[in-house]
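Notes to accompany the following structure.
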Amino acid sequence: MEDRELIERIMKLKKDRNAVILVHNYQPGEVQDIADFLGDSLELSRKAAESDADVIVFCGVRFMAETAAILCPDKTVLLPDPEAGCPLADMVTVEALRRKKAEHPEAFVVCYVNSSAEVKAESDVCCTSANAVRIVEQIDGKVLFVPDQYLGRHVASRTGKELILWPGFCPVHMNILPQDIEELKREHPEARVVVHPECRPEVTALADEVLSTGGMCRYAGETESQTLIVGTEVGILHRLRRENPGKTFLPASERAVCSNMKRITPEKVLHSLEDLSPRVEVPEDIRLRAKAALDAMVQVG
Ligand code: 13P
Ligand code: SF4
């Protein structure tokens, strides 16, 4: 099928099904180009919650589609490739979290949205990279932060709080090394450096700004700087370049590729709209408890 025909079929089916296509900033360019809304985890969960569509096609990874399913029980949530997971989210299981909670019964559990619905259900509040500092600032007392140790360390340094950290990490962001940034800074001394808080501390230490993917997109539009070194998954460069045609964006590392994000294609989006599958559903008892943790996040912002 020609690209144009494929897009036309997606657009027609989308209308027939009253569907909305939500796309994460790391998706392949051709998927970003069919988005009704393109954004970071927090922005996409807000869009899902406020949408009046019957069907949400979630172009991202499972925990993101699950978050939409938790927030929108009356909508059909589709993940065009059911294998699109997140290795970071898989680094905490509900059993392991329960054991850790038993060691620290007084701790408030803050769970990064990159986690399963079961783990969210076992937590007090969720956060994303966009609001983690604000969420933790509001908490008095001990905090157990799961599963990303590097986001946790970043939050600890910004809030001055000591957090109990979980040993999870994003393997994609681990591929960005301090020497990658140092080399690019030598070649482009005028460039500003923006990195995601999932990066290693030695990398965040070299950054001018540590931002969520949505924060990076806003910063790119606002900064006077004409060259940015971008320390996150390379899919975001498509959006940054499209929205800021006069500026130069350099990936901190070409190795920062999330293969799970790249599983989604326009063909799979079409198939999922045709078949209304694969669906993402969360059992009601887990959904209600996970929703309480997400609602607690949304209240803070
Ligand atoms: P954002 O919430 O910043 O979009 O990040 C999601 C993610 O998976 C980062 O690896
Ligand atoms: Fe998960 Fe890392 Fe991929 Fe984000 S980039 S979805 S944290 S594996």
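Shown is the FRET efficiency for Asp124 and Glu2, computed with R0 = 51 Å from the Cβ-Cβ distance and rounded to the nearest 0.05: 0.50. From zero up to wherever the largest Cα-Cα distance of the chain sits, split into 10 Å bins and tell me the percent of pairs in each. Distribution as computed: 6, 28, 34, 23, 8, 1 percent. Helix content alone sets the calculated 222 nm mean residue ellipticity of the chain: runs of n ≥ 4 DSSP H residues at -39500 (n - 2.57) each, divided across all residues, give -12500 deg cm²/dmol.
Shown for the chain: the carbon plus sulfur share of the solvent-accessible area, taken with all protein chains present and a 1.4 angstrom probe, equals 47%. Protein heavy-atom accessible surface, 1.4 Å probe, per residue over region 41-174: 38 Å². Most fluctuating residue of Arg186, Arg98, Arg289 in a GNM of the chain with Cα springs under 10 Å: which is it? Highest fluctuation of the listed residues: Arg186. Taking all protein chains as shown and a probe of 1.4 angstrom, Phe169 keeps an accessible surface of around 70 Å².
Once both labels are positioned 7 Å from their Cα atoms along Cα-to-Cβ, the gap between Phe37 and Lys247 label points is 2.3 nm.
Which FRET efficiency value, to the nearest 0.05, is calculated for Lys12 and Glu183 with the Förster distance at 35 angstrom and r the Cβ-Cβ distance? List each step's numbers first, then the result.
Details: r = 48 Å, r/R0 = 1.36.
Calculated transfer efficiency: 0.15.
Applying 1/(1 + (r/R0)^6) with r as the Cβ-Cβ distance of Ala292 and Glu209 and R0 = 30 angstrom yields a FRET efficiency of 0.40. When the convex hull of its Cα atoms is viewed from all sides, region 1-115 shows a mean projected area of 8.4 nm².
With the simple model of a label 7 Å out from the Cα in the direction of the Cβ, Glu267 to Lys101 spans 4.3 nm.
Build a GNM of the chain with springs between Cα atoms under 10 Å apart, and of Thr67, Thr76, Thr213 the one that fluctuates most is Thr76. Region 218-284 and region 31-84 have their alpha-carbon centroids 14 Å apart.
The values are calculated or read from the model by the stated rules, or taken from the named source; none is laboratory data. The structure displayed is predicted, hence computed values, not measured ones. Using ideal geometry, Cβ is built from the backbone for each residue, glycine included, and neighbour counts are taken over all protein chains shown. Only protein heavy atoms, including side chains, enter the accessible area calculation; ligands, DNA and RNA are left aside. Shrake-Rupley method; radii C 1.70, N 1.55, O 1.52, S 1.80 Å.
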